[in-house]
Amino acid sequence: MRLQGKVAIITGAGSGIGRATAELFAEEGAFLIVSDINETVEETARIIGPAAVAIRADAGKEDDVAHLVRSAVARFGGLDIVFANAGISGGLASLFEQSDADWAEILRVNLIGPALAIKHAAPLIKGRGGGSIICTASVAGLRSGAGSPAYSASKAGVISLVKTAAQQLSGSNVRVNAICPGLIETGMTSMIYERARAKGQAEKLGHLNPLKRGGEPIEIARAALFLASDEASYVNGHALVVDGGLSSSHPVNLQVYGRTAI
């Protein structure tokens, strides 16, 4: 029960990583405000039971984010943890295909959303003696090749945001970290998985990383649990990569270097 009695907000909790994390946090004793722009968040709350309250909200709108924070206080008496997980992919369009409207919407949800979560949650978390804020970034924020230009830029921004926020919250005991998932099977990546399976190429999913597979939402949820818990009490301003080793190397042909896989 690593989160016994803690109060957490999780955005993007209607499916995928957000739902898996909500279920895991509840198992570890947390009370939850689960939020998503989609009605599927109601199902997340039903799965969890009385420890979770579902609120439909847009994670990139300041009024909605402020409402989530107020609701945590009103329903559970305070706030200890925020997982700013909500995000959109924006598709796979190139730099020359994405419009300024595409850029604005992706940045609004993926980057401004986490910034708003930190802005509104941090003072309350500080008032409880400290806690944890976690933001979902991506390996796409580390280097190119894992998303569209706008998506990649938004996730690079999240990585910078948590470092900046950690510094601006110096002395507060509020830790701010990011998780950088690799290829995870979620609603956002369903098109990739469905296409590979339809072509009989499911074995190629995740084949570029050393583990030779894609990841599951629960594997990101476990990383979020670590960062939310006291086990990560000295982890701050960090971007934790959970990608099967994908980002550990530049593209390389092992045979060129005289090495082959086992």
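Restricting attention to the range 75-107, which residues are in a loop (DSSP other than H, G, I, E, B) and among the acidic types (Asp, Glu)?
Of everything in the range 75-107, those that are in a loop (DSSP other than H, G, I, E, B) and among the acidic types (Asp, Glu) turn out to be Asp80, Glu97.
Identify all residues within the range 13-62 that are out of contact with any helix residue (DSSP H, G or I) (no Cβ under 8 Å at 6 or more places or on another chain), in a helix (DSSP H, G or I) and within 21 Å of Gly78 (Cβ to Cβ); write none if there are none.
Within the range 13-62, Glu27, Ala45 meet the criteria.
Which one of these is within 21 Å of the chain's Cα centre (by Cα) and closer than 18 Å to Ser172 by Cβ: Ile106, Ile118, Ile88? It would help to see each step written out before you state the result.
Values: Ile106 fails: closer than 18 Å to Ser172 by Cβ; Ile88 fails: closer than 18 Å to Ser172 by Cβ.
On inspection, the qualifying residue turns out to be Ile118.
Out of curiosity, is Ile192 under 27 Å from Ala121 (Cα atoms) and either surrounded by fewer than 19 Cβ atoms within 10 Å (Cβ to Cβ) or at pLDDT 65 or above (or both)?
No.
Of the conditions (1) in a loop (DSSP other than H, G, I, E, B); (2) surrounded by fewer than 17 Cβ atoms within 10 Å (Cβ to Cβ); (3) at pLDDT below 95; (4) touching a Leu at 6+ places or on another chain (Cβ under 9 Å), Arg197 fails just one. Which one is it?
(1)
Would you be able to tell me the number of residues in the range 65-86 that are touching a strand residue (DSSP E or B) at 6+ places or on another chain (Cβ under 8 Å) and either more than 12 Å from Ile10 (Cα to Cα) or β-branched (Val, Ile, Thr) (or both)? Even if it seems obvious, please write down each step before you answer.
So the first thing to find is which residues in the range 65-86 are touching a strand residue (DSSP E or B) at 6+ places or on another chain (Cβ under 8 Å), and the list is 67-69, 71-72, 75-86.
Next, only the ones that are either more than 12 Å from Ile10 (Cα to Cα) or β-branched (Val, Ile, Thr) (or both) stay: 67, 69, 71, 75-78, 81-82.
Residues in the range 65-86 being touching a strand residue (DSSP E or B) at 6+ places or on another chain (Cβ under 8 Å) and either more than 12 Å from Ile10 (Cα to Cα) or β-branched (Val, Ile, Thr) (or both): 9 in total.
Just checking, does the range 96-111 include any residue being modelled with pLDDT under 95 and touching a Pro at 6+ places or on another chain (Cβ under 6 Å)?
Within the range 96-111 (the criterion being modelled with pLDDT under 95 and touching a Pro at 6+ places or on another chain (Cβ under 6 Å)), the answer is no, since none of the residues qualifies.
Assess whether Ala146 counts as being under 19 Å from the mean Cα position of the chain (by Cα) and either among the β-branched types (Val, Ile, Thr) or assigned to a helix (DSSP H, G or I) (or both).
No.
Tally time: how many residues in the range 140-182 are modelled with pLDDT under 95 and within 22 Å of Ala228 (Cα to Cα)?
1
Residue check: is Pro217 modelled with pLDDT of 65 or more, more than 29 Å from Ile9 (Cα to Cα) and of a type outside the set (Lys, Arg)? Please lay out each step first, then the result.
Numbers: modelled with pLDDT of 65 or more: yes; more than 29 Å from Ile9 (Cα to Cα): no; of a type outside the set (Lys, Arg): yes.
Taking the combined requirement at face value, the residue does not satisfy it.
For Ala137, indicate whether it is small (Gly, Ala, Ser), surrounded by 20 or more Cβ atoms within 10 Å (Cβ to Cβ) and at pLDDT 95 or above.
yes
All but one of (1) under 14 Å from the mean Cα position of the chain (by Cα); (2) without any contact (Cβ under 8 Å) to a residue 40 or more places away in the chain hold for Gln168, so report the exception by its number.
So the condition that Gln168 fails would be (1).
What tally of residues in the range 144-173 results from selecting those that are among the charged types (D, E, K, R) and either surrounded by fewer than 19 Cβ atoms within 10 Å (Cβ to Cβ) or in contact with a Pro (Cβ under 7 Å, 6 or more places away or on another chain) (or both)? Step through it out loud before you land on a result.
So in the range 144-173, the residues among the charged types (D, E, K, R) come out as 155, 163.
Still in the list and also either surrounded by fewer than 19 Cβ atoms within 10 Å (Cβ to Cβ) or in contact with a Pro (Cβ under 7 Å, 6 or more places away or on another chain) (or both): 163.
Number of matching residues: 1.
Can you tell me which residue among Ala54, Ala66 is within 20 Å of the chain's Cα centre (by Cα) and under 24 Å from Arg222 (Cβ atoms)?
Result of the check over Ala54, Ala66: Ala54.
Looking at the range 122-143, which of the residues that are in a strand (DSSP E or B) and hydrophobic (A, V, I, L, M, F, W, C) is farthest from Ala101 (Cα to Cα)?
Among those that are in a strand (DSSP E or B) and hydrophobic (A, V, I, L, M, F, W, C), it is Ile133.
Checking Phe83 against (1) surrounded by fewer than 19 Cβ atoms within 10 Å (Cβ to Cβ); (2) more than 30 Å from His250 (Cβ to Cβ), only one condition comes out false. Which one?
For Phe83, the failing item is (1).
The values are calculated or read from the model by the stated rules, or taken from the named source; none is laboratory data. Source: prediction; values computed, not measured. When we count neighbours, we look across all protein chains shown, and the Cβ atoms used for this are built from the backbone with ideal geometry, even at glycine.
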